[in-house]
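What follows is one structure encoded as C-alpha cells, with my remarks underneath.
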Amino acid sequence: MSYRSDKILSLSGYNLDNKTAKGLQNLFKRVLNGGMHGLCFSPYGEGQEPGDQLTERQIKRRLKIIKPYTEWVRSFSCTEGNELIPKIAKEMGMKTLVGAWLSNEPTINAKEIEGLKKLSSEGFVDIAAVGNEVMYRGDLTEAELVENIYDVKKAITNVPVGYVDAYYEFAHRPKITDACDVILANCYPYWEGCSIDYSLIYMKDMYNKALKAGGGKKVIITETGWPSEGEGLNGAFPSKENAIKYFINSQLWAQEENIDIFYFSSFDESWKVGAEGDVGAYWGIWDKNEKPKFYTKPLSLKNKIFT
C-alpha cells in the first residue's frame, strides 16, 4: 500500500480475543489513524435513497469527514448527483474508483455509461468500474455486460477498466474476467455465514480464488466489512466488537500483504434496511448522523501518513 511510509502495526502481534473493550477501541483508533487504502462512499443522508438527487454540499461534507483516513474513495453511480463525488474527491486530492451502476433499465444504463466516459475524459477517474454485482442480481445477461465493458474500454484508454462482483463470479465467468483490466472482487465472510473467529482466513481464501481466476491480473477487494447491529446469519453475528475486530484484522492483513481494499462502508445508511435485512443499515465506520461509531473522542491526527 504505497501511501504508507511504514507498517504501523503487525497483525501477528495482536490477540484481539484477549483485549478489553477499551483496548479494542484504542487499537481501532490506531489502525484508522494510520490510514486506509480506500473507502466505499455512502452519500445518502437520513431520509434519502437511490433515486434522490444528491447535493454538492452533502457530498463535500461527508468527503471532508473521511479524507484524513483514506487515499481512495469508491463511488457507485454516475448520475443523480453521484457524478459530483469523483469531481469533489479529486479537488481534495483523493484518488477515485468510479462505477457506472447498471441495472435492467437500458435508458438508465446508457446515461450511466456516458457519465462514466465523460468523467474519465475530464480526468476524474483513476479506475473505472462497469457495473456492480449485475450478475449476482441477474439484471443483465453475461453477453450484455461484456458488451458494455468493451464499449467503455474503447472510450477509456487511460485508466484500468473492470467490473465489480462477488469473488467467485470471476472463476465462473471467464469471458467477463478476460474483458477486465483489473479484477474488482467483493469479499464478505459475513454474508457467507462465517464466524468472526475465522473471518480473516475466509477472506484470504476468497481473495486467492479471485487471484487465481484473474490469471495474473491485479485483484482489488472492492468491498468487505462487518455490520455492527442486526440479526446474525448462521455463524456470523453483528456487533460493535466484531465490527472492530474485522476492521483491524482486514486492514493489518492488507497492509502486510500489500493488498488494496475498499472498506465497506463509510457511513450507515437507513435505506438499506429493506434491501439487506436489518443489518443493511449498519456497515459504516460513522453512523447515519456522521458521528464516529467505534470511539467516543475525536482522533488525534498527529500520526497520519497523508494529507
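Worth a mention:
- Every pair of residues 6+ apart whose Cβ atoms lie under 9 Å, when the first sits in region 250-279 and is at positive phi while the second is assigned to a strand (DSSP E or B): Gly277/Leu233
- In region 229-274, the residues that are among the basic types (Lys, Arg), modelled with pLDDT of 95 or more and in contact with a helix residue (DSSP H, G or I) (Cβ under 6 Å, 6 or more places away or on another chain): Lys245
- Only one of the numbered conditions (1) closer than 21 Å to Asp260 by Cα; (2) within 19 Å of the chain's Cα centre (by Cα) is violated by Arg30, and that is (2).
- Residue match in region 169-179 (condition: under 22 Å from Asp17 (Cβ atoms), surrounded by fewer than 23 Cβ atoms within 10 Å (Cβ to Cβ) and among the hydrophobic types (A, V, I, L, M, F, W, C)): no
- When each of Val164, Val125 is tested for being outside any strand (DSSP E or B) and buried (at least 22 other Cβ atoms within 10 Å of the Cβ), the lone residue that passes is Val125.
- Test: residue in region 10-17 that is surrounded by 14 or more Cβ atoms within 10 Å (Cβ to Cβ), modelled with pLDDT of 90 or more, part of a loop (DSSP other than H, G, I, E, B) and not basic (Lys, Arg): no
Condition check ((1) surrounded by 14 or more Cβ atoms within 10 Å (Cβ to Cβ); (2) not in a loop (DSSP other than H, G, I, E, B)) across all residues:
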{"site": "Thr107", "(1), (2)": "no, yes"}
{"site": "Ala110", "(1), (2)": "no, yes"}
{"site": "Ile113", "(1), (2)": "yes, yes"}
{"site": "Leu116", "(1), (2)": "yes, yes"}
{"site": "Leu140", "(1), (2)": "yes, no"}
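- Filtered residues of region 196-244 (kept if free of Cβ contacts under 8 Å to residues at least 40 places away in the same chain, among the polar types (S, T, N, Q) and more than 19 Å from Tyr168 (Cβ to Cβ)): Ser239
- Of the strands (runs of 3 or more DSSP E) lying entirely inside region 178-284, those containing at least 3 residues that are under 18 Å from the mean Cα position of the chain (by Cα) and among the hydrophobic types (A, V, I, L, M, F, W, C) are 182-186, 219-224.
- Hits in region 85-102 - residues which are surrounded by fewer than 22 Cβ atoms within 10 Å (Cβ to Cβ) and outside any loop (DSSP other than H, G, I, E, B): Lys87, Ile88, Lys90, Glu91, Lys95
The values are calculated or read from the model by the stated rules, or taken from the named source; none is laboratory data. Everything numeric in this text was worked out from a predicted model, so none of it was measured. As a convention, Cβ positions derive from the backbone with ideal geometry for all residues, glycine included, and neighbour counts pool all protein chains shown.
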